Every structure is written in structure tokens, then in C-alpha cells.
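What follows is a short report on a single structure.
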Amino acid sequence: MRIVRYRGARGVGWGAWDGDTVRPIPGFGFDKAVRPSGEGELLAAVTLLAPIAPPRNVFCLGRNYAEHAKEGPGADQPLPAAPIWFTKSTTAIADPESDVVVSRSLTRQLDWEVELGVIIGRGGKHIPEERAREHIFGYTVLNDLSARDLQYARGQWFYSKSLDHLLPAGPCLVTADEIADPQDLELLLRVNGETRQHGTTRDMIFSVAAAIADLSRGITLLPGDVIATGTPSGVGMGRKPPVWLEHGDVVEAEIPAIGLLRNRIVFVD
Ligand code: MG
């Protein structure tokens with residue numbers, strides 16, 4: 001099932017997207033059985049919102065694709081021997097088709113990162129790797145937008161990746177039963193129609209299941225938690241010379257099995 005969060009004639013809610021119609025899902029919860037009921041609305045008549053509602057910061061994996069780990073200032077470091085975790089603030093979450101509004105006073109080096117987003121259904125602790133997929137509610141497309149100048153000036157990743165609007169998500173989430181293998185998904189990112197990233201989740205260093213097992217060994221996972229699983233190569237900081245997003249750029253992050261997430265970059269002073 002394709003699930004969206006949307007603003008429609010009856011306000012904001014969750015719904016099932018089928019063809020050109022969205023049907024409401026009353027009492028939606030990430031740890032509940034999901035059943036659409038009631039009258040649908042035309043997709044064209046509603047506004048899609050980010051299809052995630054994490055109960056706390058979004059968990060993120062850094063340097064989780066080998067080719068990407070060799071991009072930028074960390075290129076000479078060894079590949080991670082264990083997952084590198086950081087988080088992004090929930091206030092960074094941005095809707096599909098929304099403008100990403102960023103102040104030039106904060107960054108002039110805004111970069112893109114298409115990522116598979118994993119949404120936890122049933123929570124838990126000490127989740128074994130072989131049972132990790134039982135805890136996944138679904139998947140979405142994330143763009144882990146990153147202010148590289150802040151990232152490397154501050155000695156940590158949180159602030160530079162948590163600025164308001166720096167986590168576009170959507171356009172929908174796809175329930176886990178519809179993704180046969182999360183380690184066999186194509187990821188693409190285009191800027192103004194030009195392909196900048198084209199990878200596959202086969203190249204993750206730590207798989208989705210390994211990441212869930214590692215995280216839940218120390219931190220109890222909650223329904224609705226979101227994990228951003230890292231980005232393949234092709235980010236702006238890895239280009240020679242580096243390339244940054246400009247005012248008016250249209251960024252499309254896509255996982256064809258899930259959908260296409262489009263946002264426009266707007267710089268303000
Ligand atoms: Mg990332």
C-alpha cells in the first residue's frame with residue numbers, strides 16, 4: 001500500500017493512495033493494522049505532506065556507501081567498521097513539492113543526498129538482524145540536505161543537517177510488504193533534470209537489517225522512528241571542483257519503487 005499524509009477537504013490526515021484517489025485511514029498508527037475507509041478525494045485536489053511523523057529526531061547513518069565515504073574531506077579515512085550514527089531534528093522535515101528556504105547567512109555550500117528512509121512499525125530493543133524486517137512499517141525517499149561549510153566548521157554533523165527544511169521526505173511511504181528486498185533498490189538524484197547520483201542500496205556497507213540490529217542494541221526503537229540509511233556517491237562536495245545548490249534549483253530525489261520527491265531551493269539573505 002502507498003500511504004500519504006495530506007491536507008484535504010477534511011483537514012490533515014493519513015490516506016491510502018491508489019491511482020488518482022486518496023482514501024482516508026482513520027486512526028492511523030505505525031504500530032496498527034492500516035485500513036482505508038470512507039470517501040476518497042482526488043489526488044490532484046489534495047496537498048501531499050511529508051509521510052513521516054517520528055516521535056523524536058530522525059536517526060541517520062553517515063558514510064554508509066563505500067564510494068560516497070571516499071568523497072569530500074573524509075576521503076582518506078578508513079571505511080567505517082561500525083555504523084556511524086547522527087540525528088536530524090524533526091523540524092528539518094520538509095514536504096514534497098515544498099520550497100527549501102535557507103539563509104545565505106548560514107550556508108553557501110548546500111549539498112544533496114538521496115537516501116532510503118526506513119520507518120519503524122513495531123518498536124523493540126535487542127532486535128536480531130534476522131528479525132529486523134518484522135519491525136519495518138515501510139519505506140520512503142529522503143533528501144539529507146547538508147550545509148557542508150557548517151558541517152566541516154563545527155566538528156559535528158547535527159547542526160549543519162538539521163537546519164529548517166533540510167530533510168524533504170516523500171512523496172509517499174510504501175508499506176514493507178510491497179518491497180521484496182530493501183537491499184535491491186535503485187536511487188537517483190537530479191538537479192534541474194541532470195543526474196547527479198545514481199546508485200543502488202546493494203552498495204550499503206551496513207544493511208537496513210544490520211542498522212536496526214545495531215541501533216536497537218543500545219536504544220529502544222519506537223513506532224514511527226525513521227532511519228535515513230546513507231547516500232551513494234555523487235554528492236556536490238565530491239565533485240572537482242565542488243558543486244553547490246543555487247537559488248531556484250529544482251532537486252529530484254527518486255527511488256523508482258517508492259516515488260519521486262521534488263523540491264525547489266530558495267536562498268534568502
Ligand atoms: Mg546522509
Exercise. In terms of Cα to Cα distance under 14 Å, which aspartates and glutamates are near enough to LYS125, apart from those fewer than 8 places away along the same chain?
Worked result: GLU134, ASP214, ASP225
Problem set entry | Neighbourhood charge, 10 Å Cβ-Cβ cut-off, centred on GLN151 and excluding it, Lys, Arg +1 and Asp, Glu -1 | +1
Seminar exercise, completed: Summing -39500 (n - 2.57) over every DSSP H run of at least 4 in the chain, dividing by its residue total and rounding to the nearest 500, the 222 nm mean residue ellipticity is -2500 deg cm²/dmol
Problem set entry | Gain in span if fully extended, ARG122 to THR200, counting 0.36 nm per residue against the direct Cα distance | 25.4 nm
Seminar exercise, completed: Heavy-atom accessible area of TRP17, protein chains in place, probe 1.4 angstrom, given in Å² to nearest 10, is 70
Problem set entry | Qualifying lysines (Cα of each under 29 Å from Cα of LYS70; at least 8 residues distant if same chain) | LYS88, LYS161, LYS240
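If you take the C-alpha gyration tensor of the chain, multiply each eigenvalue by 5 and take the square root, what semi-axes do you get, largest first, in whole Å?
Working: eigenvalues 158, 107, 50 Å².
Largest first, the chain gives 28, 23, 16 Å.
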For this session: At a 1.4 Å probe radius, which order do LYS32, LYS240 fall into by accessible area, largest first?
Result: LYS240, LYS32
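Could you compute the FRET efficiency for ASP181 and ASP18, with r as their C-beta to C-beta distance and R0 at 25 Å, rounded to 0.05? Each step should come with its number before you reach the end.
Working: r = 23 Å, r/R0 = 0.94.
According to the calculation, E is roughly 0.60.
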Exercise. Counting Lys and Arg as +1 and Asp and Glu as -1, what is the net charge of the other residues whose Cβ lies under 9 Å from the Cβ of ALA228?
Worked result: -2
Problem set entry | Sum of side-chain charges, ALA75 neighbourhood, beta-carbon under 11 Å (Lys, Arg +1; Asp, Glu -1) | -1
Exercise. What relative contact order, as a whole-number percentage, does the chain give when Cα pairs under 8 Å and 6 or more residues apart are counted?
Worked result: 26
For this session: Could you order TYR6, TYR152 so the one with the most accessible surface comes first? Probe is 1.4 Å.
Result: TYR152, TYR6
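The values are calculated or read from the model by the stated rules, or taken from the named source; none is laboratory data. Computed from a predicted model, the values in this text were never measured in an experiment. When we count neighbours, we look across all protein chains shown, and the Cβ atoms used for this are built from the backbone with ideal geometry, even at glycine. Accessible surface areas use protein heavy atoms only, side chains included; no ligands, DNA or RNA. Shrake-Rupley method; radii C 1.70, N 1.55, O 1.52, S 1.80 Å.
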